[in-house]
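Below: the structure, in structure tokens.
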């Protein structure tokens, strides 16, 4: 290069330095296998072979590797989120930046899969019809964006969760053996409390407790009150993972103290413990897995209650922190997560002498879940 | 490989620049050819053969045309020229239009035709047009045949403009292929231009594209008028910043290697009529069609009837060049008709209107044009047009629309400013001043762009299909 000119030095120096330092950064920094922040495995350097090269696998692998193993990856994502927030963007990656640092899942009226929602409800109804001798409770938990409308960004519109819930209610009331558990009515009386995590898409133990109160009200039961213990105060949940918003405070996770003696068997008895809580999950990123140890296809909870009541719970993860409250009311609780449960449900119901059923999903999942439809099949 | 990827920015580019700068002058072309082949092979390892064939084919054709011309055997020279055009168009048509032709035959006749699923080699529309410009210009006596195959390969494979243009004619690069100097001024300017292009692509085009992507998957029957226009406007911005950003990056990279490529965009959205729009949009493509199709067909020298015919041919071809689907053809014809109407009917009326109305007229048709361009499925296009003109009964505005507008108001303002001449005028006024400050802004945008690239897997490149 000739005529090195002083006025061009800053541009040349910084621009080329960025490229070369970046390159060296990749070479010297060790590959990260798993990103805690993003809660997923990162792509590592692909193995070179002639076949991989000609099929394009190698080069595609290198592209993914370069994006995933960028030396300052988390910082880059945070910068992106902050830059977007700075220019007034109120959501990123499907997450609203709500008021007061609340992150909430975004689902607009046009994103709501109406058809699937009602098809899923139809599947629940057909399950109830087939089991007409059995009382069936249906609890569709509203989510943060539907409940905390005041904390949504200005002008943000959630899909009409509450109206949809009302429509569900009037439909289910026509069925004799079905009870619609009106969790929203209970929840909306406690809006000032932390009913949902600020960084995660789940309801808190408190939120779940009001769901439990609604359940009791529907069946004329006396709700048991519990003391809770704080198990973590640095929970950064899935919503945080999606945006890595700077300055987010961790959430507190609380769990009700259960005094009953329990036998909890997972996956048809593959593992058996005496607790609904999995202490090891407090060390991982997704601390909500503390409840029930995450989503297993099948969990059986035996309590020391002796009342001949055996409950079948068909659920998503919203049930995980809800189930502890039911332990005083049932002799056994049989929990099925249809996403991972591949046995015949009718046979399972018979084998466990089920007397009641509870269907518990959250409103952000019920229009997307593709496994609820399994309830259609006898 | 796309420029806006970590693999390009932190592996390919530094290694290539390093090799290029340290090696002596006579090796520079070879380094560039090797780098370009790797760049190309990155996306389509096997299709590199087509490119090598294309290079050798037109190298030989160019030499032969030169020899025959020297001997005065013009008919033989013409035959070779035709062979070259047929060969290039044959490659282009086979790889680009076979699938469409087969499915058309199938749907018209119901015959069981084989499905070949020919994959489109990246950049084929660009480099076949480039090599054709070479043999045509050798035939027309505009340029001398290139004897050095490495120099010729440098031209054909040149990675900065390989994927999305500009379509650099050989005539524009002829002298630079053998003699070019890399000065620090030029490299620094290249870096600046690259930063500008990258920011346009990553910060503006991708963000505007994300809005369009959410709107286009909605049920058209539920899209209120404002939302439909927001989507169309966002796509209008996306395609401009995507494509012109890519051209900026190509021109910037060219400068880093000592090349001066022709400009491809000149603020098309400030145009006051459609004719002006096409003088400012994808200039290298319009120039190509003008030089090698419109003028050889007789241009405007053979009467109005013939001129209208020529215009329709050029615009039909221009449309079809953009993609192997009928909406692109329709889009080309749409512009052909608009240009003819403008030229022969209402140009005089239009010129008397206030500037703002001229501008509204132009953008109205340009935006509608992009809707036509974006919707490959004609039934969806029809539904979307209904939404644009309020015939869906979905109202004028919805809460969701207001939220989208409010949330992206800064982006939309930035897009408007960057498509206007404001920044250009400021930079001309302050020429030579605030150099460091300007460079800091550009580098800042570049760093933020890198963060955006890393921070999102959302990085589709629109012009890959052409």
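Worth a mention:
- Qualifying residue in the stretch A:96-112 (condition: more than 26 Å from the chain's Cα centre (by Cα), part of a loop (DSSP other than H, G, I, E, B) and closer than 30 Å to residue B:6 by Cα): no
- Flag for residue B:33 being crowded, with 21+ Cβ neighbours inside 10 Å, under 24 Å from residue A:68 (Cα atoms) and more than 7 Å from chain A (Cβ to nearest Cβ): no
- Only one entry in A:93, A:120, A:60, A:39 is surrounded by fewer than 17 Cβ atoms within 10 Å (Cβ to Cβ) and either within 24 Å of the chain's Cα centre (by Cα) or at pLDDT 85 or above (or both), namely A:39.
- Considered as a group, the residues in the stretch A:292-314 that are in contact with a strand residue (DSSP E or B) (Cβ under 7 Å, 6 or more places away or on another chain) and under 14 Å from residue A:356 (Cα atoms) include one that is surrounded by the fewest Cβ atoms within 10 Å (Cβ to Cβ), and that residue is A:309.
- Residue A:284 falls short on exactly one of the conditions (1) surrounded by fewer than 20 Cβ atoms within 10 Å (Cβ to Cβ); (2) under 25 Å from the mean Cα position of the chain (by Cα); (3) within 24 Å of residue A:183 (Cα to Cα), and that condition is (3).
- Tally of residues being in contact with a strand residue (DSSP E or B) (Cβ under 6 Å, 6 or more places away or on another chain) and under 18 Å from residue A:356 (Cβ atoms) across the stretch A:160-176: 1
- Being surrounded by 13 or more Cβ atoms within 10 Å (Cβ to Cβ), touching a helix residue (DSSP H, G or I) at 6+ places or on another chain (Cβ under 7 Å) and closer than 29 Å to residue B:160 by Cβ is a property that residue B:95 has.
- Scanning the stretch A:248-267 for residues that are in a loop (DSSP other than H, G, I, E, B) and without any contact (Cβ under 8 Å) to a residue 40 or more places away in the chain returns A:257, A:259, A:267.
- Residues that are in a strand (DSSP E or B), within 20 Å of residue A:363 (Cα to Cα), out of contact with any helix residue (DSSP H, G or I) (no Cβ under 8 Å at 6 or more places or on another chain) and modelled with pLDDT of 90 or more are absent from the stretch A:272-284 altogether.
- Taken as a whole, the stretch B:107-119 holds at least one residue that is closer than 14 Å to residue B:50 by Cα and modelled with pLDDT under 85.
- Residue within the stretch B:416-439 that is within 12 Å of chain A (Cβ to nearest Cβ), in contact with a helix residue (DSSP H, G or I) (Cβ under 7 Å, 6 or more places away or on another chain), surrounded by 14 or more Cβ atoms within 10 Å (Cβ to Cβ) and in a helix (DSSP H, G or I) present: yes
- Odd one out for residue B:12, checked against (1) in a helix (DSSP H, G or I); (2) within 28 Å of the chain's Cα centre (by Cα); (3) more than 10 Å from every other protein chain (Cβ to nearest Cβ): (3)
- Residues of the stretch B:18-46 that are over 21 Å from the mean Cα position of the chain (by Cα) and more than 15 Å from residue B:158 (Cβ to Cβ): B:18, B:19, B:21, B:22, B:23, B:24, B:25, B:26, B:27, B:45, B:46.
- The set of residues in the stretch A:363-378 being surrounded by fewer than 24 Cβ atoms within 10 Å (Cβ to Cβ) and either in a strand (DSSP E or B) or over 13 Å from the mean Cα position of the chain (by Cα) (or both) consists of A:367, A:370, A:371, A:373, A:374, A:375, A:376, A:377, A:378.
- Selected residue (criterion: surrounded by the most Cβ atoms within 10 Å (Cβ to Cβ)) from residues of the stretch B:136-190 that are in contact (Cβ under 8 Å) with a residue 12 or more places away in the chain, within 14 Å of chain A (Cβ to nearest Cβ) and in contact with a helix residue (DSSP H, G or I) (Cβ under 7 Å, 6 or more places away or on another chain): B:190
- Residue B:306 at pLDDT 90 or above and within 30 Å of residue B:425 (Cα to Cα): no
- Verdict on residue B:260 being in a loop (DSSP other than H, G, I, E, B) and either surrounded by fewer than 20 Cβ atoms within 10 Å (Cβ to Cβ) or in contact with a helix residue (DSSP H, G or I) (Cβ under 9 Å, 6 or more places away or on another chain) (or both): yes
- There is at least one residue in the stretch A:151-158 that is closer than 23 Å to residue A:110 by Cα and surrounded by fewer than 16 Cβ atoms within 10 Å (Cβ to Cβ).
- For the stretch B:222-243, the set of residues classified as in a helix (DSSP H, G or I) and within 11 Å of chain A (Cβ to nearest Cβ) consists of B:222, B:227, listed by residue number.
- Residue count for the stretch A:90-116, restricted to those that are touching a strand residue (DSSP E or B) at 6+ places or on another chain (Cβ under 8 Å) and within 8 Å of chain B (Cβ to nearest Cβ): 2
- Within the stretch B:72-91, the set of residues being exposed (fewer than 15 other Cβ atoms within 10 Å of the Cβ) and either in a helix (DSSP H, G or I) or not assigned by TED's automatic domain parsing to the domain that holds residue B:56 (or both) comprises B:74, B:75, B:78, B:79, B:82, B:86, B:89, B:90.
- Filter pass, residue A:12 being farther than 30 Å from residue B:436 by Cα and in contact with a helix residue (DSSP H, G or I) (Cβ under 7 Å, 6 or more places away or on another chain): no
- For the stretch B:106-129, a tally of residues being touching a residue at least 12 places away in the same chain (Cβ under 8 Å) and surrounded by 14 or more Cβ atoms within 10 Å (Cβ to Cβ) returns 11.
- The single condition from (1) more than 22 Å from residue B:281 (Cα to Cα); (2) within 14 Å of chain A (Cβ to nearest Cβ); (3) free of Cβ contacts under 8 Å to residues at least 12 places away in the same chain that residue B:400 fails is (3).
- Subset of the stretch B:263-278 (residues that are surrounded by fewer than 24 Cβ atoms within 10 Å (Cβ to Cβ) and assigned to a loop (DSSP other than H, G, I, E, B)): B:263, B:265, B:266, B:267, B:271, B:272, B:273
The values are calculated or read from the model by the stated rules, or taken from the named source; none is laboratory data. Keep in mind that what you see is a predicted model, and the values were worked out from it rather than measured. FYI the Cβ positions are ideal-geometry reconstructions off the backbone, even for glycines, and counts take in every protein chain you see.
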